[in-house]
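In what follows, a single structure is set out as structure tokens and then discussed.
Readers should treat all values here as calculations from the given coordinates under stated rules, not as data from a laboratory. Please read all numbers here as calculations on a predicted model, not as lab measurements. Neighbour counts are summed over all protein chains in view; Cβ atoms, including those assigned to glycine, are modelled from backbone coordinates with ideal geometry.
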Amino acid sequence: MIKYILRRLIGLVPLLLGISIITFAVIHLAPGKPTDLEAQFNPKVSLEARERLNHIYGLDKPLHIQYIDWLKRLSRFDFGISFTDSRPVIAKIAERIPITLGINLASIILILLIGIPIGVSSAVKEKSFYDRSMTVFVFAGFAIPTFWLSLILMDIVGVRWGLLPVSGIKSLDFDKFTSVEKIIDIVRHLALPVFVSAFGGLAGISRYMRSNMVHVLKQDYIRTARAKGLSERDIVYKHALKNALLPVVTILGLSIPGLIGGSVIFESIFSIPGMGRLFYESVMSRDYPVIMGVLVIGAGLTLLGNLLADISYAAVDPRIKLEN
Amino acid sequence: MNKLMVFGAGIVIFFAIAAILAPVVTPYDPGKIDIDNILTAPSREHILGTDSLGRDLFSRMLYGARVSLLVGLIAVGISAIIGVSLGAIAGYYGGFADVLIMRFVDIMLCFPTFFLILAVIALLEPSIVNIMIIIGATSWMGVARLIRAEILSLKERDFIYAEHAIGAGDFRIITRHLIPNAMAPVLVSITLGVAAAILVESSLSFLGIGVQPPMPSWGNILSEGKSVMGAAWWMMLFPGTAIFITVLGYNLLGEGIREKLLKS
């Protein structure tokens, strides 16, 4: 097992390098310079001042030198200083990560809690009316534009019915609350965003679960279980489910980039101060160090998620380690 | 043909015809401003109501369908061309090319795609052409993996050996024999890709960095609808429903094709 983990960790190095190259290329090959914005809105900025700015940010050096400099700083987790408020990029991202990860974690749990039963029951009743309706239902979740659903829910649940708060992650008088009230407050604020994000992700897991289950139910050992007279319930929940659940771990890892990417939309709509909103704001204000930092860290989180998924998969399924 | 496929195809064809016939069907010019009829509710004159400049929503929706569908289809076309070429090269030649291309795929898959799209779009100009290219350039990885896997098994088949024996070149074998035979699973991925591309375009337009007004797209109509949400429900309801139903249509069609392929 340790050998397997080590091998996977070494495999990460080229991927991390690739991530840094693509991030760097995306930012630096685009037309315009990071200093343009600072200079553009200020007609007094002379050519010399512009060159001085370029020099401060190292933009007068050749691209490959800039890249290597940046990479050296990255290796020390130094992502530079934000253009907008001169704070270290890493600090800005670090305070946003728990919020985005928390929401995504909550929505993943919700997806699993709803998606797995839907997938299993659809597979058991394959091609029935129930199966067809569930297909349409989960695809409806996938097809509804997140921003549209968010706005409608905000309007109905938040504004018309007044049931849930519609923006931010805590109330204004949050500090006066007792700890129980604080938890309730956060849950109330995050209920809609988590629901919206989970509804969209339902199709992936439940469809995947369904096809695994359909496949497993046709295996020889299920026929054997039937032959020895086990009840259908035991067959489905004790024998088939365990085997069909395994690959779901991998698909969870794969769904991370989509979830993080989707956070841009609902975080801007619900005014949640997470990574998605930080990214959107930085893109709008051309805050290059933050843009690059979020891209690298977002991709890094995906790598980490995939690694964890693969390791836990290898831990429960001994066949994986033996491959290669 | 299964029910999913018929249902999905029905929706897809309906919206495609609506988009193509837009100039014939629409009662008004989609850009015609009518300040006497600002934000009127659906009525006999304006069956879906008017927007905050008095423009006919039904006409804007149909022209918006053209834009949204066109972006979806061309973006997926681009992603299919990149994915099929890279996947075919990786699968057919193997070795260093394969390692290089598949590592590139792995790396691209790490990025939260929407972040990447957002960054590039904002740094370039948010024009309709740029949107198509960027969506295409960030969504080809699945197709590349599928094609590669198919070609890996196809290239060991007898009919390919026969091609080699009669002296066919690599290019001919790849384009005439391998790719056509490997396209079936890609078709599913392409159909689902159109749905995803339409969603991305509408999200970008909604955030104000997609298709730019006055050119209508379902996303930017919604973006405007958001600001008049309390006063004009039709500005939110109709474009949102159109996106929803279209995306659902492409998804169900893709799923239907997948089921059909699994059976055969």
(request) Take the Cα atoms of the range A:73-166, build their convex hull, and give its volume per residue in Å³. (result) 184 Å³
(request) Percent of Cα-Cα pairs per 10 Å bin, from 0 to the last occupied bin, for the range A:96-287, please list those. (result) 9, 29, 29, 19, 10, 4, 0
(message) With θ taken as phi - 60° and the coefficients 6.51, -1.76 and 1.60, list the Karplus ³J(HN,Hα) couplings across the range A:239-255 in order, rounded to whole Hz; mark glycine and proline as x.
(response) 9, 6, 4, 4, 6, 7, 6, 3, x, 4, 3, 5, 5, 4, x, 5, 7
(request) Could you work out the relative contact order of the range A:96-287, using alpha carbon pairs under 8 angstrom and six or more residues apart, expressed as a whole percent? (result) 34 percent
(request) Express in % the proportion of alpha carbon pairs of chain B at distances exceeding 33 Å. (result) 32 percent
(request) Within 10 Å of each Cβ in peptide B:188-198, how many partner chain Cβ atoms are there on average? Round it to a whole number, please. (result) 1
(request) When a/c is below 1.5 the answer is rounded, else prolate if a/b is larger than b/c, else oblate, so apply that to chain A with a ≥ b ≥ c taken from the square roots of the Cα gyration tensor eigenvalues. (result) oblate
(message) For a test of the definition: using alpha carbon positions, the gyration tensor, and the 1.5 limit on a/c, classify the protein assembly as shown as rounded, prolate or oblate.
(response) rounded
(request) In a Gaussian network model over chain A where Cα atoms closer than 10 Å are linked, find which of A:I184, A:I251, A:I56 has the largest mean-square fluctuation. (result) A:I56
(message) Which residue fluctuates most in the GNM of chain A (Cα springs below 10 Å): A:D220, A:D287, A:D155?
(response) A:D220
(request) Using the Karplus curve 6.51 cos²θ - 1.76 cosθ + 1.60 with θ = phi - 60°, work out ³J(HN,Hα) for each residue of the range B:249-264 in order, rounded to whole Hz, and write x for Gly and Pro. (result) x, 5, 5, 5, 4, x, 5, x, 5, 4, 4, 5, 5, 4, 5, 7
(request) Specify the angular offset, from 0 to 90 degrees and rounded to the nearest 10, of the alpha carbon long axis of helix A:89-124 from the longest principal axis of the alpha carbons in chain A. (result) 20 degrees
(message) Give me the inter-chain shielding for B:99-111: mean count of other chain Cβ atoms within 10 Å, whole number please.
(response) 5
(message) If packing is taken as the average count of other Cβ atoms within 10 Å, what order do B:102-110, A:174-182 fall into, highest mean first?
(response) B:102-110, A:174-182
(request) For every helix of n ≥ 4 consecutive DSSP H residues, a contribution of -39,500 (n - 2.57) applies; sum these over chain A, divide by its total residues, and give [θ] at 222 nm rounded to the nearest 500 deg cm²/dmol. (result) -24000 deg cm²/dmol
(request) State which entries of A:K92/B:K226; A:K218/B:K155; B:K3/B:K263; A:K3/A:K242; A:K176/B:K226; A:K72/A:K92 exceed 23 angstrom in Cα-Cα distance in the structure shown. (result) A:K92/B:K226; A:K218/B:K155; A:K3/A:K242; A:K176/B:K226
(request) Starting with the fewest neighbours, write out B:V12, A:V294 ranked by other beta-carbon atoms found within 10 Å of each beta-carbon. (result) B:V12, A:V294
(request) Work out from phi, with θ = phi - 60° and the Karplus expression 6.51 cos²θ - 1.76 cosθ + 1.60, the ³J(HN,Hα) of each residue of the range B:206-216, listed in order in whole Hz, and give x for Gly and Pro. (result) 5, 6, x, 10, x, 5, 8, x, x, 4, x
(request) Per residue of A:283-290, count partner chain C-beta atoms within 10 Å of its C-beta, then hand back the mean as an integer. (result) 2
(message) How long are the semi-axes of the equivalent ellipsoid of the range B:104-158, defined as square roots of 5 times the Cα gyration tensor eigenvalues? Whole Å, largest first.
(response) 31, 12, 6
(request) Project the alpha carbons of the range B:109-200 onto their principal axes and report the range along each, largest first, in whole Å. (result) 52, 22, 21
(message) Compute, for chain A, the length of the dipole vector about the Cα centre, with Cβ point charges of +1 (Lys, Arg) and -1 (Asp, Glu) only. Units Debye, rounded to 20.
(response) 1100 debye
(message) Give me, ordered by chain and number, the residues 5 or more places off A:I81 or on other chains with an amide H under 5 Å from its own placed amide H.
(response) A:V89
(request) Mind running the shape call on the range A:54-112? Use the C-alpha gyration tensor, a ≥ b ≥ c as the square roots of the eigenvalues: rounded below 1.5 for a/c, prolate if a/b tops b/c, oblate otherwise. (result) prolate
